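Quick notes on the structure that follows.
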Amino acid sequence: MSYADLPFWKQFLFTCEDHLLSHLILLLWLGALFDTPSKRQLLKKLPLLFLLAPVTAAVNWGAAGIIQNTPLMLLLYLLITLFFTLWSMWAWHRPFWHCLAAVCMAGMMESSLSVIFIHLLYACFPIVSPERIPPFMTMCLLWLTLPLSHFALSMFPRRLWQKERFCTYLEQAYDPRRTALLLAALATAFVALNHMQYGVQPAYLADYLLVVAVMAILMTALVFHLTLRDMDLKRLNLQKDMLLRQQLYEQTQEELQDELRAFRHDCRNLLTGLMEKQEDGTLSRSFQELETGFEKRLGEKIRAASQIGNLRIPQIRGLLLHKIAQMAEQHIPCHLEVLYPVDHADMDTWDLIRCLGILTDNATEAALETAQPWVEILLLQEGPVLTLRISNPWTGNEDPEYFWRAGWSTRGSGRGMGLFSYQKILKRYPGASSSTRWGGGIFTQELTITVPGGRS
Amino acid sequence: MIDIYLCDDDAFARCRIQTILEKKILIEEYDMRIVCSTDSAGQLLRALGDRRQNIYILDVELKDGQWDGFLLGRELRKRDPGGILIYITSYGDLACRTFQYHLEAFDYIVKTPKQLEASIHRCLEALQNRLLLERTVPVQVYTIQTGTSLRHIPLDEILFFETAPRPHHVLLHTPDSRLDFLGSLNEIQASLGNRFFRSHRAYLVALDKIRKIDPKHGRLQVGGRECLLSRTAGRELRKLMDPIQ
């Protein structure tokens, strides 16, 4: 009995099953590329995905009468990609281009590996072949091995993007749109490659499969390499900028020294002149002049310089100088306090910088919405414990409870993403705790980093 | 009678502050007295008697061996958690916020000759108001520790405790904050008694803050926030609420 001899409804059911299976595999790959914010939430959104299988099967069925081969395949591919992209935007709260890139990546893995697996299956179990239909149950069992082997292989990208998932790296990409479109083009090529299996002569099947496998490996390696390069570039740029700030800082230090030298000079002059002035009562006034002049010229500068000087981790000093300069450009007064030297934290320096960057960016953004913006940054090191405290005025328009939900944002997608990434970084550090207060029109984020395990 | 301890290594300023303080206390008939005025942190700590909830007036820029203004404040907080810390600073508008946040410093006295007297008066008046308020309403607090800082949160303000996504972390929710600290809900429940109700494995809510109970969906509205309600806890809660209704 061949496929064409089956009753109509059974044919449809088979197509459905086929589509369902490929969607399941696509989902598996997506799961490997994204990280799951909450499994329960994801499960709730899953049923909608199963509705897609009958829909695409119906389209497949209906459109088959009008168009065939490549156009039909492209139509289905487009439909599935679009649906999955929209669904993952909903499920993972990511911007469109990130989702498209991830879906294309997952699609490539699905189409390339499926070809290889299916042909392996045909080779191992001769009863399964495109021409003959075996008993339904055997068929199902055999097909079930497909998602399982896909799942096993999807562990591989999990290892590749070990620390964070593919999508976190996408956030760092220079141009997510370009990346997504390139990946979409590649994925289309892979779908076409998948389609070619029906035209390959049996004698050349092995060569064809070899080409597909090599392409899949090459493509994964390339994407991995590119994301890493993009990240490095971004990091390098930040470092360059921080170096520049550092130089500016050293320049102010030199200016300060010059001013101090001048002050010492004034002081000596004054002391030599003291004796003469003692008689005519101008003495106390001169002193006052000297003091107020000194305060006005140098007081705040010395204070700020000593606070910044207390930041002994160069990258953190660089970042804060950079952020303070940015705030100055936006006319936001920034008050920095570092009471004791900050020289170590129980956190990877780059992670700490990302946390600090996210918190200061959020504070700046929220402060800008108020009439009188300001930002206050306190760092306190007490032994092994480092406390960061960043406050800003805020309008109080949003309910802070929503801040920690994935994808929360007031405008665009930057802000919610930031807090989400922040929470994700902290997940790796059991000794870090972050608290938030928002009373009295002031929003405060506090991060305490202690040695893990020590409840001291 | 509340004891005042004064510590400043600038003897001239300390004397002036002491005189102004004594005069103000005498005129306003405040129930306070200066028991110790010294230039060294060690001496102050030695002079500290058994009485607690004192007032400590300390110099921000104190330098005395291993002690400075912040560390002395930390030590006094440890020995006298209910005490009141007031700092003396030379810069009025550059008040050290770190002291305020990490030591819960009550106020500042500005050292410059022009502002000294006015700022001491203002400070003492604010202090008197707070003391009067505290005497009438004794506040029960829950204390959490983050890093080396202790935070006292009045029980009345707590909406609920929730286990954080990370192991051993607990989130404390009040109407205007969300505080993360290390702890376990079981321990907290045991220490707080029956004012709080375990509505779910991951939630410990203040009974008097419950606004709405929705057992059908397993939800609970506590002060405008949503908490989870387990089935068994739902039944228990109904039993608890019934006699009141």
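The values are calculated or read from the model by the stated rules, or taken from the named source; none is laboratory data. For clarity, every value in this text was computed on a predicted model and none was experimentally measured. As a convention, Cβ positions derive from the backbone with ideal geometry for all residues, glycine included, and neighbour counts pool all protein chains shown.
Look through A:Leu256, A:Leu271, A:Leu222, A:Leu218 and report the one residue that is under 30 Å from A:Leu320 (Cβ atoms) and either at pLDDT 80 or above or part of a helix (DSSP H, G or I) (or both). After ruling out the rest, the residue left standing is A:Leu256. Scanning the stretch A:99-147 for residues that are farther than 30 Å from A:Ala203 by Cβ and at pLDDT 85 or above turns up A:Cys99, A:Leu100, A:Ala101, A:Ala102, A:Val103, A:Cys104, A:Met105, A:Ala106.
Residues of the stretch A:328-339 that are closer than 24 Å to B:Gln100 by Cα and away from every other protein chain (no Cβ under 14 Å): A:Ile332 alone.
When residues in the stretch B:148-182 are screened for being more than 9 Å from chain A (Cβ to nearest Cβ) and touching a residue at least 24 places away in the same chain (Cβ under 8 Å), 10 of them pass. The numbered conditions (1) over 20 Å from A:Leu20 (Cβ atoms); (2) surrounded by fewer than 20 Cβ atoms within 10 Å (Cβ to Cβ); (3) modelled with pLDDT under 75 are all true for A:Val200 except (3). Would you check if B:Pro215 is surrounded by 15 or more Cβ atoms within 10 Å (Cβ to Cβ), modelled with pLDDT under 90 and more than 14 Å from chain A (Cβ to nearest Cβ)? For B:Pro215, the condition - surrounded by 15 or more Cβ atoms within 10 Å (Cβ to Cβ), modelled with pLDDT under 90 and more than 14 Å from chain A (Cβ to nearest Cβ) - is met. Within the stretch B:195-212, the residues that satisfy the criterion of being more than 17 Å from B:Thr163 (Cα to Cα) and either buried (at least 18 other Cβ atoms within 10 Å of the Cβ) or in contact (Cβ under 8 Å) with a residue 12 or more places away in the chain (or both) are B:Arg195, B:Leu207, B:Asp208, B:Lys209, B:Ile210, B:Arg211.
Among the residues of the stretch A:364-397, those identified as away from every other protein chain (no Cβ under 14 Å), among the hydrophobic types (A, V, I, L, M, F, W, C) and not in a loop (DSSP other than H, G, I, E, B) are A:Ala366, A:Ala367, A:Leu368. Within the stretch B:137-145, not a single residue is buried (at least 20 other Cβ atoms within 10 Å of the Cβ), closer than 25 Å to A:Leu339 by Cα, touching an Asp or Glu at 6+ places or on another chain (Cβ under 8 Å) and not charged (D, E, K, R). For beta carbons closer than 7 Å, sequence separation of 6+ or different chains, a first residue in the stretch A:84-96 that is in contact (Cβ under 8 Å) with a residue 12 or more places away in the chain and a second that is of a type in the set (Lys, Arg) and assigned to a helix (DSSP H, G or I), the qualifying pairs are A:Trp90/A:Lys45; A:Ala91/A:Lys45. Checking every residue in the stretch B:1-19 against the condition of being out of contact with any Leu (no Cβ under 6 Å at 6 or more places or on another chain), assigned to a loop (DSSP other than H, G, I, E, B) and hydrophobic (A, V, I, L, M, F, W, C) gives at least one match.
Would you call B:Leu72 out of contact with any helix residue (DSSP H, G or I) (no Cβ under 6 Å at 6 or more places or on another chain), surrounded by 15 or more Cβ atoms within 10 Å (Cβ to Cβ), in a helix (DSSP H, G or I) and assigned by TED's automatic domain parsing to the domain that holds B:Ile27? Criteria not met by B:Leu72.
Taking first residues from the stretch A:341-361 that are among the small types (Gly, Ala, Ser) and partners that are in a helix (DSSP H, G or I), the Cβ contacts under 8 Å between residues at least 6 apart in sequence or on separate chains come to A:Ala345/A:Leu352; A:Gly357/A:Leu319; A:Gly357/A:Lys323.
Evaluating B:Ile34 against the criteria (1) within 27 Å of the chain's Cα centre (by Cα); (2) crowded, with 17+ Cβ neighbours inside 10 Å leaves one unmet condition, (2). Taken over the stretch B:44-54, residues that are touching a strand residue (DSSP E or B) at 6+ places or on another chain (Cβ under 8 Å) and either farther than 19 Å from B:Phe99 by Cα or buried (at least 23 other Cβ atoms within 10 Å of the Cβ) (or both) amount to 5. Here the condition is being more than 27 Å from B:Arg151 (Cβ to Cβ) and either assigned by TED's automatic domain parsing to the domain that holds B:Arg14 or touching an Asp or Glu at 6+ places or on another chain (Cβ under 8 Å) (or both); of B:Gln100, B:Gln128, B:Gln43, B:Gln66, it holds for B:Gln43 alone. So which residues in the stretch B:166-199 are farther than 15 Å from B:Arg225 by Cα and in contact with a helix residue (DSSP H, G or I) (Cβ under 7 Å, 6 or more places away or on another chain), if there are any at all? Residues satisfying the conditions are B:Arg166, B:Val170, B:Arg195, B:Phe196, B:Phe197, B:Arg198. Look at (1) outside any strand (DSSP E or B); (2) at pLDDT 90 or above and you find that B:Gly49 fails only one, number (2). When B:Val110 is tested against (1) assigned by TED's automatic domain parsing to the domain that holds B:Cys15; (2) at pLDDT 85 or above; (3) buried (at least 19 other Cβ atoms within 10 Å of the Cβ), only condition (2) is not met.
Per-residue answers, yes or no, for (1) among the basic types (Lys, Arg); (2) farther than 21 Å from B:Leu44 by Cα; (3) within 14 Å of chain A (Cβ to nearest Cβ); (4) in contact (Cβ under 8 Å) with a residue 60 or more places away in the chain:
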{"site": "B:Gly82", "(1), (2), (3), (4)": "no, no, no, no"}
{"site": "B:Leu85", "(1), (2), (3), (4)": "no, no, no, no"}
{"site": "B:Ile88", "(1), (2), (3), (4)": "no, no, no, yes"}
{"site": "B:Glu104", "(1), (2), (3), (4)": "no, no, yes, no"}
{"site": "B:Ala118", "(1), (2), (3), (4)": "no, yes, no, no"}
{"site": "B:Cys123", "(1), (2), (3), (4)": "no, yes, no, no"}
{"site": "B:Ala126", "(1), (2), (3), (4)": "no, yes, no, no"}
{"site": "B:Asn129", "(1), (2), (3), (4)": "no, yes, no, no"}
{"site": "B:Leu132", "(1), (2), (3), (4)": "no, yes, no, no"}
